[in-house]
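The values are calculated or read from the model by the stated rules, or taken from the named source; none is laboratory data. If you're wondering where the values come from, they're calculated on a predicted model, not measured in any experiment. Glycine gets a Cβ as well: all are built from the backbone with ideal geometry, and neighbour counts include every protein chain shown.
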């Protein structure tokens, strides 16, 4: 382990803590309300370094007008084992988010939440990555396998243990899925269990079913009270959609879109405008509810499609949410 | 049939059309928005006529301050065959709503929607009741058996046929259940089918799951468009609850109470105040949604318990909704 711990000494980490606009880590540690994140999917693995840099620069230029607390970088895995239905957009391997951050997002001076589908990495590479991260600027979210049968190089519990050994100051987030709560009624127990092994914030799956998200939050709040824990920030992910193809993709990913909203979108002349308004009203309802019951919350804006209008609407949504 | 039709001649019907504040029938026929009803459960069958009159007078005195379009009189059936779980309040047979209306509600000068659990009545008594009703002042809602195996004296289809033959001007409402839509996704098809056999308005089961009610309404709206029908008024039933026992009774009746709301109620110092606010915000959301998609709507306030505070809060809710 020593070889790796050395890298954590001052001056290591490629200078990542210098010049950072800190805040996210402190806000999460203080369980503050109102954290705002914006999430990106790294470019496809087949993208050339020059093209990846062009995409990164374009994205950062779009985002620099926003007062974000941080970026989220997703780690995309082939989840076709989870859902036998045909994927509306084909699965194409994407760059490792950690590599995309290291190699192309040097200009970004704020914290980054890096997702890691732990089953994709072996123990040595995970350990090496953990050791290199500056906990002032990087936070992690470990994602377990998409199904029980999936082949994996590393188990979630092993990854959590590694982080506790190698870089215990690195803040770890957990994934929270309101739809799983609708099905099983036990997502709040999973959240409490994750918190007990060190998770200090949650990021939800994209929320279209606001009532389900409120139910999960409420059950989590009361489960924390029962366990003698203070609730940690729950960051709700919102995503606009500009076409039924995007709606179908969200559904394929496991997002419940209430029938009335699906009908609204499918009959709208401008579904993007309808979903934009819906995201704003969902944010308002979720924020009011979280404040009322006393659970810290925040928002994460995700663009699930690559279409320009949807990306621009996502940036606009984040701008509206930061007000 | 002639014997019965005779009773419909002017001057028949016990003078029911004289002095009526009409409006409900016309508003429903015109598919107007904003109908407001208040629903009552008749006293227990074992109640003496004097006590039943005292209850009726007390109730009408409470309601006369309200600008209601009409009353709803429920017909309570033993539904223990539908739900094997223990009923939170014991089932006690109640007076026939038609008899309660005839014998005790003479002072009430506005229209009344009379529910009829059709399986409880034989063909002759149903025919006789249908023939006696003045369609300017009485509307009917036929309720089918609570389960397939239930013994019944009359089938729903027979009752519908009788009404078409005996008193075709009598407006007939149908029951609409958002929870059934959540389970099967086909309640809108049932609604369209009921409309095609003559139903001119719907009254929902008590709504606590607003998103489910919106989904049912939305699917109904688009199913009407597909069938070339204009949607008829959908009257949403709202009910306050002042204790978890009432919540459990609502759940026993088949009402879905979202987890977050159930938690709110069970942890509230004053659940009645919480549910009152929730009913108002549900009404606002449902009305805005119905107006936006273009489906006529109204409200029905029901008090599911006999407790004085809950009844008074129901009257106050109706007063707020009529503004």
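Yes or no: residue B:166 within 17 Å of the chain's Cα centre (by Cα) and either surrounded by fewer than 18 Cβ atoms within 10 Å (Cβ to Cβ) or in contact (Cβ under 8 Å) with a residue 12 or more places away in the chain (or both)?
no
Would you please name the residue that is nearest to residue A:136 (Cα to Cα), looking only at residues in segment A:49-73 that are in a loop (DSSP other than H, G, I, E, B) and in contact with a helix residue (DSSP H, G or I) (Cβ under 9 Å, 6 or more places away or on another chain)?
Taking the candidates together, the pick is A:69.
Given the condition crowded, with 22+ Cβ neighbours inside 10 Å and at pLDDT below 95, answer yes or no: does some residue in segment A:148-155 qualify?
yes
Take residue B:282 and decide whether it is within 14 Å of another protein chain (Cβ to nearest Cβ) and either outside any loop (DSSP other than H, G, I, E, B) or within 18 Å of residue B:38 (Cα to Cα) (or both).
Judged against the criteria, residue B:282 is a match.
Just to be sure before I move on: is residue B:298 closer than 25 Å to residue B:197 by Cβ and either within 14 Å of chain A (Cβ to nearest Cβ) or surrounded by fewer than 20 Cβ atoms within 10 Å (Cβ to Cβ) (or both) in the structure I sent?
No.
Being out of contact with any strand residue (DSSP E or B) (no Cβ under 6 Å at 6 or more places or on another chain) and either at pLDDT 95 or above or surrounded by fewer than 20 Cβ atoms within 10 Å (Cβ to Cβ) (or both) is the requirement here; does residue B:176 meet it?
No, not satisfied.
Determine whether residue A:76 is assigned to a helix (DSSP H, G or I), within 20 Å of the chain's Cα centre (by Cα) and surrounded by fewer than 21 Cβ atoms within 10 Å (Cβ to Cβ).
no
Among the numbered conditions (1) under 18 Å from the mean Cα position of the chain (by Cα); (2) more than 20 Å from residue A:73 (Cβ to Cβ), tell me where residue A:185 comes up short.
(1)
How many residues, within segment B:206-237, are without any contact (Cβ under 8 Å) to a residue 60 or more places away in the chain, under 23 Å from residue B:139 (Cβ atoms) and buried (at least 22 other Cβ atoms within 10 Å of the Cβ)?
Residues in segment B:206-237 being without any contact (Cβ under 8 Å) to a residue 60 or more places away in the chain, under 23 Å from residue B:139 (Cβ atoms) and buried (at least 22 other Cβ atoms within 10 Å of the Cβ): 1 in total.
Of the numbered conditions (1) modelled with pLDDT of 90 or more; (2) closer than 24 Å to residue A:180 by Cα, residue A:42 fails exactly one; give the number of that condition.
(2)
Among (1) modelled with pLDDT of 95 or more; (2) within 16 Å of residue A:203 (Cα to Cα); (3) surrounded by fewer than 20 Cβ atoms within 10 Å (Cβ to Cβ), which single condition is residue A:273 missing?
(2)
Test residue B:314 against the stated conditions and say whether it is within 11 Å of another protein chain (Cβ to nearest Cβ) and not in a loop (DSSP other than H, G, I, E, B).
Criteria not met by residue B:314.
Can you confirm whether residue A:274 is within 14 Å of chain B (Cβ to nearest Cβ) and in contact with a helix residue (DSSP H, G or I) (Cβ under 8 Å, 6 or more places away or on another chain)?
So residue A:274 passes the test.
Can you give me the number of residues within segment B:100-118 that are within 17 Å of the chain's Cα centre (by Cα) and in a helix (DSSP H, G or I)?
3
Of everything in segment A:244-259 that's within 13 Å of chain B (Cβ to nearest Cβ) and touching a residue at least 24 places away in the same chain (Cβ under 8 Å), which residue is surrounded by the most Cβ atoms within 10 Å (Cβ to Cβ)?
The residue in question is A:256.
Which one of these does residue B:263 not meet: (1) more than 14 Å from chain A (Cβ to nearest Cβ); (2) on the phi < 0 side of the Ramachandran plot; (3) surrounded by fewer than 23 Cβ atoms within 10 Å (Cβ to Cβ)?
So the condition that residue B:263 fails would be (1).
Just name the residue that is nearest to residue A:106 (Cα to Cα) out of those in segment A:65-81 that are out of contact with any strand residue (DSSP E or B) (no Cβ under 7 Å at 6 or more places or on another chain) and modelled with pLDDT under 90.
Ranking the qualifying residues of segment A:65-81, first place goes to A:78.
Could you please find all residues in segment A:148-163 being over 17 Å from residue A:125 (Cα atoms) and touching a residue at least 40 places away in the same chain (Cβ under 8 Å)?
A:149, A:150
So which helices (runs of 4 or more DSSP H) are wholly in segment B:125-243 and hold at least 1 residues that are over 17 Å from residue B:290 (Cβ atoms) and more than 14 Å from chain A (Cβ to nearest Cβ)?
B:156-166, B:187-196, B:210-227
Out of the residues in segment A:106-125 that are under 27 Å from residue A:27 (Cα atoms) and out of contact with any strand residue (DSSP E or B) (no Cβ under 7 Å at 6 or more places or on another chain), which is surrounded by the fewest Cβ atoms within 10 Å (Cβ to Cβ)?
A:107
Among (1) crowded, with 17+ Cβ neighbours inside 10 Å; (2) touching a residue at least 24 places away in the same chain (Cβ under 8 Å), where does residue A:103 come up short?
(1)
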